[in-house]
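The values are calculated or read from the model by the stated rules, or taken from the named source; none is laboratory data. Everything numeric here is computed off the predicted structure, so don't read it as measured data. Ideal geometry is used to build each Cβ from the backbone, glycine not excepted, and the neighbour counts take in all protein chains shown. Side chains included, ligands, DNA and RNA excluded: accessible areas come from the protein's heavy atoms. Shrake-Rupley method; radii C 1.70, N 1.55, O 1.52, S 1.80 Å.
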Amino acid sequence: MSDADITRLLRELTKGHSGALDDLIPLVYDELRRISHRHLRREDPGHTLSTTALVHEAYVKLVRVDEVEWRDRAHFFAMAGRLMRRILIDYARTRRRMKRGGDLVRVPPEESMRAPDEHVDSLLALDEALERLEARSPRQSEVVHCRFFAGLSVTETAAVLGVSEATVKRDWSFSRAWLGRALATGEPCDP
């Protein structure tokens, strides 16, 4: 099946045709796994969410989004990338809360000797920087979500956002530099 078939099924799903979901799952599953794997590749090796678990959690949330009118396949996968990122951020916040004593549970001494999970702090710092970028420039933030988190091409990102490819390239370049500076300094980076 083609991208047009996926778009057709997404539009049918938007209209409430439940049978479209059964036809859609096999068409998008491999791509959702690729996006999930891309996200998890940046996580610590001890991360407890598997590629499959992240796909399933995101997929359940995606198909429950009633307010979205799916435009096309790229729009669907951009949203999937964003949801996977949110799931991982929520997971990181839960881990941080647990490290700071939330939901205290007895831990065997050998487990308490494990090295701290520094990646959680990096992920949360990235999330905070992305929120600052979104407040400054929602479109540039969307470009980051499409390109980095969903793995969309420049052409697909331009289609999802309804802008030119040149605009996506400029926004992508600016956003990477802005986020790099924000993460290095921990401060807002407005010119």
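Structural remarks
- Residue identified as modelled with pLDDT under 80, under 21 Å from the mean Cα position of the chain (by Cα) and more than 21 Å from THR155 (Cβ to Cβ) among ARG42, ARG100, ARG33: ARG42
- Any hit, the range 126-145, residues being of a type in the set (Val, Ile, Thr), touching a helix residue (DSSP H, G or I) at 6+ places or on another chain (Cβ under 7 Å) and part of a helix (DSSP H, G or I): yes
- Residues in the range 56-65 include at least one that is assigned to a loop (DSSP other than H, G, I, E, B) and at pLDDT below 80.
- Residues located in the range 1-52, provided they are in contact with a Phe, Trp or Tyr (Cβ under 6 Å, 6 or more places away or on another chain) and open to solvent by less than 40 Å² (accessible area, probe 1.4 Å): LEU10
- Condition check for SER112: among the polar types (S, T, N, Q) and either within 18 Å of the chain's Cα centre (by Cα) or at pLDDT 85 or above (or both): no
- Annotation: LEU27 fulfils all but one of (1) under 13 Å from the mean Cα position of the chain (by Cα); (2) modelled with pLDDT of 85 or more; (3) of a type in the set (A, V, I, L, M, F, W, C); the unmet one is (1).
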